[in-house]
1. Is there a residue in the range A:221-229 that is in contact (Cβ under 8 Å) with a residue 12 or more places away in the chain, open to solvent by less than 20 Å² (accessible area, probe 1.4 Å) and within 19 Å of A:ASN108 (Cβ to Cβ)?
2. Would you point out which residue out of B:PRO343, B:PRO330 is in contact with a His (Cβ under 9 Å, 6 or more places away or on another chain) and open to solvent by 50 Å² or more (accessible area, probe 1.4 Å)?
3. Spot the failing condition for A:GLU324; the list is (1) out of contact with any Pro (no Cβ under 9 Å at 6 or more places or on another chain); (2) open to solvent by 20 Å² or more (accessible area, probe 1.4 Å), and only one is missed.
4. Does B:LEU455 qualify as being within 22 Å of B:TYR170 (Cα to Cα) and either without any contact (Cβ under 8 Å) to a residue 40 or more places away in the chain or not in a loop (DSSP other than H, G, I, E, B) (or both)?
5. Among the candidates A:ARG240, A:ARG209, A:ARG266, A:ARG257, which residue alone is open to solvent by 50 Å² or more (accessible area, probe 1.4 Å) and not assigned by TED's automatic domain parsing to the domain that holds A:ASP359?
6. Checking the structure you have, find out if any residue of the range B:122-136 is open to solvent by 10 Å² or more (accessible area, probe 1.4 Å), within 24 Å of B:GLU463 (Cβ to Cβ) and more than 14 Å from every other protein chain (Cβ to nearest Cβ).
7. Pairs please, first residue from the range B:279-291 and of a type in the set (A, V, I, L, M), second anywhere and modelled with pLDDT of 90 or more and assigned to a helix (DSSP H, G or I), Cβ atoms under 8 Å, 6+ apart in sequence or on different chains.
Number of protein chains: 2
Amino acid sequence: MARLNSRSQLVAGLAFWFSLWLCAESGKLLVMPQDGSHWLSMQVVVEKLAQKGHEVVVVMPENTLVMQTSSEHFTVRTHSVPYTQEKLNELLSSMTEHALKNLNFLENMVQMYINISQVTTMFISACRHLLYDKELIQFLQQSDFDAVFSDPVLPCAPILAEYLSLPRVYFLRGLPCHLDFQAAQCPSPISYIPEAFTNNSDHMTFTERVKNVLMSILASLYCYSYYGKYEHLATEFLQRKITLLELFGKASIWLIRQDFAFDYPRPVMPNMVFIGGINCAQKKPLSKEFEAMVNSSGEHGIVVFSLGSMVSEIPMKKAMEIAEAFGTIPQTVLWRYTGETPPNLAKNTKLVKWLPQNDLLAHPKARAFITHAGSHGVYEGICNAVPMVLMPLFGDQMDNAKRMESRGAGVTLNVVEMTSKDLSDALKAVIYDKKYKENIQRLSALHLDRPIEPLDLAVHWVEFVMKHKGAPHLRPAAHDLNWIQYHSIDVIAFLLAVVLLALFISLKCCLFCCRKCCCKSGRMSKKSKSKSH
Amino acid sequence: MARLNSRSQLVAGLAFWFSLWLCAESGKLLVMPQDGSHWLSMQVVVEKLAQKGHEVVVVMPENTLVMQTSSEHFTVRTHSVPYTQEKLNELLSSMTEHALKNLNFLENMVQMYINISQVTTMFISACRHLLYDKELIQFLQQSDFDAVFSDPVLPCAPILAEYLSLPRVYFLRGLPCHLDFQAAQCPSPISYIPEAFTNNSDHMTFTERVKNVLMSILASLYCYSYYGKYEHLATEFLQRKITLLELFGKASIWLIRQDFAFDYPRPVMPNMVFIGGINCAQKKPLSKEFEAMVNSSGEHGIVVFSLGSMVSEIPMKKAMEIAEAFGTIPQTVLWRYTGETPPNLAKNTKLVKWLPQNDLLAHPKARAFITHAGSHGVYEGICNAVPMVLMPLFGDQMDNAKRMESRGAGVTLNVVEMTSKDLSDALKAVIYDKKYKENIQRLSALHLDRPIEPLDLAVHWVEFVMKHKGAPHLRPAAHDLNWIQYHSIDVIAFLLAVVLLALFISLKCCLFCCRKCCCKSGRMSKKSKSKSH
């Protein structure tokens, strides 16, 4: 009994010291995520941080697409928004509809501008609702957070972080028109860094480089025109002039969901941490239902088909074309689809409302992956070395598809123009042509051979910023220079002026000497002439 | 007995599988180190790789300063050199002597040029001996290595690696005139990246930026003049024209001994791995002799003094000044010194032929560290949070000292000009003025809070290159562009030409229209005039 007592005392003592250690090490984190697929990988980091004993408060709008407004892991605070859940769903449907229309480049750009304008108007007013929610802001001010952890694709969090004077960690795939790299003072040579929507790779012909430069000008105009609204809001709310680049430029750490096994290598900054493939971390065994489906596929294996968390329905005509293609292959196809069942659906095709994408791809029987080429899906394909058929719809998906294709690990199809035969041919190619499997295995090996897992890296850097109140030692001095100073234009002008002045003086001296000599010889010759006269 | 047998069978079986696994994972590495302090931290990585089961062959010259030509961990192959051990030691002494002379900037530059020329001539002829050592080269060719791991400060290894067509990992503190960053296609804005020997920090005034630009031009001339000789040797040996930047640019991975807690943040490339502070990894308990010395220091603690692995003697006059200063402080001073004992040596000062620097600094009684500001020493000071008195002698030491001083973690002294009082004051400042300790503790905390230890990182990337035969996915496309293409000068010129042509045509059209109008109105007015007449 005495022994038992001493043991329970020991356990209690250990628990006390552990809790003390936990308190000493744990901090308070404000999280401001972005709705949609963006949240899926950020959530994993937030949950891990909460599990490590940090107090996490997630601020989100009351109406969301995929974010749950309650969690067992962290506190959720919602703010009102000026739109209903229906309106939000409608917006998403209209974006999908647009992606499935057969538009030319110009129509596409106009439609994209309309979509982005709609999204911006909606979200900027949501941001305004948040910033002017006095009760919530007072709560955040009094909460004494150590840092803000946010997805800055819609820059509401940077404004709030600036207002609360908190160090910030950004979690993102990338910002339009390289705003992230610009704000981090990272050089981006346009000669080999392809612009979004150009279909360029990092190796470009002269024509492609011209297109790249023109597109970068267009993208800057495009992007400043809608991000500019946030600049106005920030200036109004903070009551002082502040630019977008200043706002973004105060990031302590950029956690970027990129990896150079997939993305093109380019200059980076010391406060950029690359965590591409972080979404592959969550692996679970398959449920009995899926296990049974996979096992019943026999030696031919399975094909996984999903157009992402945001798109689960497509027009019936397109669905029938796709169903027809699936009938031509011997593999079992698992298709995430919530729409009406196409009447020509073959026996080998199973429609499911949701599928454990990463776990299915991790199964040795996975033969191919049909994806909309969202970055999450593509990374899951790479992690699990499954060759892909890519059907990009919008956003960065075209560029992701281009990257996979240029690495010989997938075939891209235009979802609008493709026929049933195109899809069937593409599937047969990636399944039976060995080069696709070999290429994706090579990429996978490069991607997975890393000294530390992306999730641990992300958690480390968030904790670092919380503990040290930022990462000032990683902030380049470039932030304190203006454009002229940064490019040394003043120094070059000064040195040029000095050289020109020196040349001018030398020239003048020479001319003076020459004139002296000429005069002398002139006078001499005059003298000699007068003498001879 | 039967049980014992089955157990030993199990052990034998396990050992067999383990050895199979080891063979499958282990590779063959060619190491080409650089003599002097450079070898000290590289050796740790090489030994760890050997311990992990890789077959390591180290190629070194027969006469060396600090490298041992035999090792229990790896195979050493030596090559002949055209100088004796005495000549090598003499060269080192002359460099130390020069550093302790009171020279002005110009004299210093000239002396440095002479020193570098001497070193280059010696080492380039050593390199020639190695490259034309038929037997050794044949052995290396037949050895079927997976990669070359080398310190490229003297670029003999890059030439050999090119000849053997092997992927290469470079281990370095940095190359002169940013050759490393240039070769890796990494942008280096001169407006905030200080040039060596300028005493500039990353925050520069206009004058300092002018000095920086001028120094960069000078450094390029300087550096190409002596590295150019290696370019000639490479072209001669490889029997094809190859430039220095091409040679260096083929690096798969750059393991750079820098850390941004100490070095200034700047753009970097994805194939650069920062492992500053790697030399702090080797910690051992103090020997009884040193433990006794440290313990006898009482509450005042100890001061550690070393001018590095290469300098252990100084002129008697200077030694007496230093000894006098040590007499004014209550701490016990441990001084690495092999010269004649200064007659005025105080009781608190112990002269030792060698000292376990990192282990002494790690002791809680360490109060200050007097160092020549070599990068190894400075990192050991940072790792162990010991404030420093810096006495730079040559190479990058002046810049290292400037960095520590600009971070408020040390006091720099000019070893030639300093008086006994200067040293005494500096020591008292760093020991008793709390700000030095606080600053070094802050730097130390930032430096040590990392997701993975530098040694593990270095080992990982060497193994990565061995396994994947390089790291092609980290090679930016910039390598395939010429200077004009890289800076998009052709594209800008083309677009400018198009704009000018468009303007010209518009102008011509306008002029044509105007003329038409004028002619018409002229004719009209003429007509009306004629009518009126």
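1. First pass over the range A:221-229, keeping only residues in contact (Cβ under 8 Å) with a residue 12 or more places away in the chain: A:222-224, A:226-229.
Checking which are open to solvent by less than 20 Å² (accessible area, probe 1.4 Å) leaves us with A:223, A:227-228.
Restricting the remaining residues to those that are within 19 Å of A:ASN108 (Cβ to Cβ) gives A:223.
Yes, some residue in the range A:221-229 is in contact (Cβ under 8 Å) with a residue 12 or more places away in the chain, open to solvent by less than 20 Å² (accessible area, probe 1.4 Å) and within 19 Å of A:ASN108 (Cβ to Cβ).
2. B:PRO330
3. Here A:GLU324 meets the rest and fails (1).
4. Values: within 22 Å of B:TYR170 (Cα to Cα): yes; either without any contact (Cβ under 8 Å) to a residue 40 or more places away in the chain or not in a loop (DSSP other than H, G, I, E, B) (or both): yes.
In short, yes.
5. Numbers: A:ARG209 fails: open to solvent by 50 Å² or more (accessible area, probe 1.4 Å); A:ARG266 fails: open to solvent by 50 Å² or more (accessible area, probe 1.4 Å); A:ARG257 fails: open to solvent by 50 Å² or more (accessible area, probe 1.4 Å).
Going through A:ARG240, A:ARG209, A:ARG266, A:ARG257 in turn, the sole match is A:ARG240.
6. Initially, the range B:122-136 is screened for residues open to solvent by 10 Å² or more (accessible area, probe 1.4 Å), giving B:122-125, B:128-129, B:132-135.
The next check asks that each one be within 24 Å of B:GLU463 (Cβ to Cβ); those that pass are none.
Looking for residues that are open to solvent by 10 Å² or more (accessible area, probe 1.4 Å), within 24 Å of B:GLU463 (Cβ to Cβ) and more than 14 Å from every other protein chain (Cβ to nearest Cβ), one finds none in the range B:122-136, hence no.
7. From residues that are of a type in the set (A, V, I, L, M), the pairs are B:ALA281/B:VAL44; B:ALA281/B:PRO454; B:ALA281/B:LEU455; B:LEU286/B:VAL294; B:LEU286/B:ASP359; B:LEU286/B:LEU360.
Here's the yes/no breakdown for (1) under 21 Å from the mean Cα position of the chain (by Cα); (2) under 18 Å from A:LYS284 (Cα atoms):
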residue: A:THR328; (1), (2): no, no
residue: A:THR332; (1), (2): no, no
residue: A:THR341; (1), (2): no, no
residue: A:ALA346; (1), (2): no, no
residue: A:LYS350; (1), (2): no, no
residue: A:PRO356; (1), (2): no, yes
residue: A:GLY381; (1), (2): yes, yes
residue: A:MET391; (1), (2): yes, no
residue: A:ASP396; (1), (2): yes, no
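The values are calculated or read from the model by the stated rules, or taken from the named source; none is laboratory data. Just so you know, these numbers come straight off a predicted model, no measurement behind them. Counting neighbours? That spans all protein chains shown, and the Cβs are built from the backbone with ideal geometry, glycine included. Accessible surface areas use protein heavy atoms only, side chains included; no ligands, DNA or RNA. Shrake-Rupley method; radii C 1.70, N 1.55, O 1.52, S 1.80 Å.
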